[in-house]
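Just so it is clear, none of the values below were taken in a lab; they were calculated from the coordinates. Given the structure is predicted, the values throughout are model-derived calculations rather than measurements. Here Cβ is always computed from backbone atoms with ideal geometry, including for glycine, and neighbour counts include all displayed protein chains.
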Amino acid sequence: MHYLLMYQREAFMEHYHKRSSIETAYSMIKGKFGSALRSKSDVEQMNEVLCKVLYLHICVIVHAMHELGIESDFGSKANFGSEFPF
């Protein structure tokens, strides 16, 4: 890895950036939702982890909307065609 850093810095930094991004996401998930999984089976644990990832993405979007002052109209009737009766 040292050779790659010294002589192929661009390739190293590309790989390192991906790793850094993943570690940041893990840290955010653990910080917001905790590191423990409550489910017992492997399938249930995978679903629980995927739900935590989904929840994190929703939280990041909501935070960005508030920070940037973006107004949303999710669920308004204007977003849907006439085929939806609500």
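Would you be able to tell me the number of residues in region 1-25 that are closer than 30 Å to Ser72 by Cβ and surrounded by fewer than 13 Cβ atoms within 10 Å (Cβ to Cβ)?
First, pick out the residues of region 1-25 that are closer than 30 Å to Ser72 by Cβ: 21-22, 24-25.
So of that shortlist, the ones also surrounded by fewer than 13 Cβ atoms within 10 Å (Cβ to Cβ) come out as 21-22, 24.
Looking only at that region, the number is 3.
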>> Consider region 14-41. How many of its residues are within 26 Å of Leu4 (Cα to Cα) and small (Gly, Ala, Ser)?
In response: 3
> Of all residues in region 26-41 being of a type in the set (A, V, I, L, M) and surrounded by 11 or more Cβ atoms within 10 Å (Cβ to Cβ), which is farthest from Leu56 (Cα to Cα)?
Replying inline: Leu37
> How many residues are exposed (fewer than 11 other Cβ atoms within 10 Å of the Cβ), hydrophobic (A, V, I, L, M, F, W, C) and over 9 Å from the mean Cα position of the chain (by Cα) when one looks only at region 42-65?
Replying inline: 3
